[in-house]
1. In the range 82-120, which residues are β-branched (Val, Ile, Thr) and modelled with pLDDT of 95 or more?
2. Ile18 is checked against (1) under 17 Å from Arg310 (Cα atoms); (2) at pLDDT 95 or above; (3) under 23 Å from the mean Cα position of the chain (by Cα) and fails just one. What number does that condition carry?
3. Identify all residues within the range 146-192 that are surrounded by fewer than 18 Cβ atoms within 10 Å (Cβ to Cβ), among the polar types (S, T, N, Q) and in contact with a Cys (Cβ under 9 Å, 6 or more places away or on another chain); write none if there are none.
4. Mind checking which pairs have a first residue in the range 244-256 that is assigned by TED's automatic domain parsing to the domain that holds Glu192 and assigned to a helix (DSSP H, G or I) and a second that is among the charged types (D, E, K, R) and surrounded by 17 or more Cβ atoms within 10 Å (Cβ to Cβ), Cβ under 6 Å, 6 or more apart or different chains?
5. When you scan the range 224-231, do you find a residue that is at pLDDT 95 or above, within 21 Å of Pro337 (Cα to Cα) and in contact with a Pro (Cβ under 8 Å, 6 or more places away or on another chain), even just one?
6. Counting only residues that are among the charged types (D, E, K, R) and free of Cβ contacts under 8 Å to residues at least 60 places away in the same chain, how many does the range 172-210 have?
7. Filter the range 122-154 down to the residues that are within 21 Å of Val168 (Cβ to Cβ) and of a type in the set (A, V, I, L, M), then identify the one that is modelled with the lowest pLDDT.
Amino acid sequence: MDRQLERELRQIFDGIFIYSRESYSLGGHRVEVPPAPAEDPAAPAAKSRQPAPFVTSLQMMLYEHCYCRSFDPPLRGETLSPNGKSGDLLPKLSAANKTAERWDYGWRVAQFTANGMVYATKGGQSRIFSVGHLLSLDHPGSTPQPGGLVCALLAREDIISQPGFYCVQPQLSPSQDDHYSFIRFYWHITPEIAPTLVTEVTERCNRYGVPYSFKCLRYPAAYTRADAAVLYVGRRYLFLVLQLVEEIYQVVKDGLESRVPLFSKALGPGLGAAEDPASAGESFGLARCRAMAEAVWNAYGKRMQSEKARLAELAAAFTNNGWDLDKPHLSMGTEDPFPEHFCDRHYGNAASGFAK
């Protein structure tokens, strides 16, 4: 295991104390665990797959205070959430976005989602639309139906689906396979450099026809996270995207803070990377924080609260998920796709002036 990661994990595990199954503290802040939901006797199998309320509670606390931020006890306990009290970057982010909005023929409705959105495909592309952004070609003037051909409005941005974030819509949408193999690039940007990053990502990725997904925080006060901006690309495009990312990094690096998200691979100060977690319904950070919470819970079940016992349980949790603590940014036993020379150019050499 990387020594810096081990130091961070030991500090975090040392900062957790369990009083009971219903109460624990993280960094001196005491948390009461909400009661488990009522049991459904008709679905025992589904119930058995649900994590213990303790695990879910600790998972979210670890994500909020340890994954995307440096663990800095004592914690005050307030929720660190995006808000608009310090201003709104939306006008600048929107102006910086180089994606062109347009109507596009040839899309086919695959299905309607539970919240009334429409999942549609075109060739290898897949995308979620609101009904108002689709025109039925089979029955003009009527609501599109599953299997029907439509003309789709390809918007350039999305500020609805993820509150507090500005989401870029690309010129070319990722395929379903791309979504399952997304590589994440985490940018620890400041509010001042965010519009520049939006411009660099949209200009370069759109120019080379790279399907991608990108989001960054909308409100300046929320820029306390090591994952303030995230670029997602399918693994099949990684060779090209690594070159683009390095070019972008040279432009924005002076506007980045140094920390990267816990468990991600540091490609340079403020730039981290990780594979898709291969964990249904969870982001990379939530999946890793769940493993940490399970480690603490399992050690407690064995009447142990030492950091050593928790580290041992974390190693077991990683193994059970098909992960490796020596390469925690990877999933399912894959080879490391990030070349060492990329890191070497930005860490610990005279040319860069950085120290890892």
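1. Here is the first cut: in the range 82-120, the ones β-branched (Val, Ile, Thr) are 99, 109, 113, 118.
Answer for the range 82-120, where residues must be β-branched (Val, Ile, Thr) and modelled with pLDDT of 95 or more: Thr99, Val109.
2. (3)
3. Ser161
4. Partner pairs satisfying both residue conditions: Leu244/Arg204; Ile248/Glu200; Val251/Glu200.
5. yes
6. Step one: of the range 172-210, the residues among the charged types (D, E, K, R) are 177-178, 184, 192, 200, 203-204, 207.
From the residues that got through so far, the ones that are free of Cβ contacts under 8 Å to residues at least 60 places away in the same chain too are 177-178, 200, 204, 207.
Adding up the residues that qualify gives 5.
7. Restricting to residues being within 21 Å of Val168 (Cβ to Cβ) and of a type in the set (A, V, I, L, M), the top hit is Ile128.
Table: residues versus (1) in contact with a helix residue (DSSP H, G or I) (Cβ under 7 Å, 6 or more places away or on another chain); (2) under 30 Å from Ala222 (Cα atoms); (3) part of a loop (DSSP other than H, G, I, E, B); (4) not charged (D, E, K, R).
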position	(1), (2), (3), (4)
Tyr119	no, no, no, yes
Arg127	no, yes, no, no
Gly132	no, no, no, yes
Pro140	no, no, yes, yes
Gly147	no, no, yes, yes
Ile160	no, yes, yes, yes
Pro163	no, yes, yes, yes
Tyr166	yes, yes, no, yes
Pro170	yes, yes, yes, yes
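The values are calculated or read from the model by the stated rules, or taken from the named source; none is laboratory data. Note that the structure is predicted; figures quoted are calculated from it, not measured. Cβ: placed from backbone, ideal geometry, glycine included. Neighbour counts: every protein chain shown.
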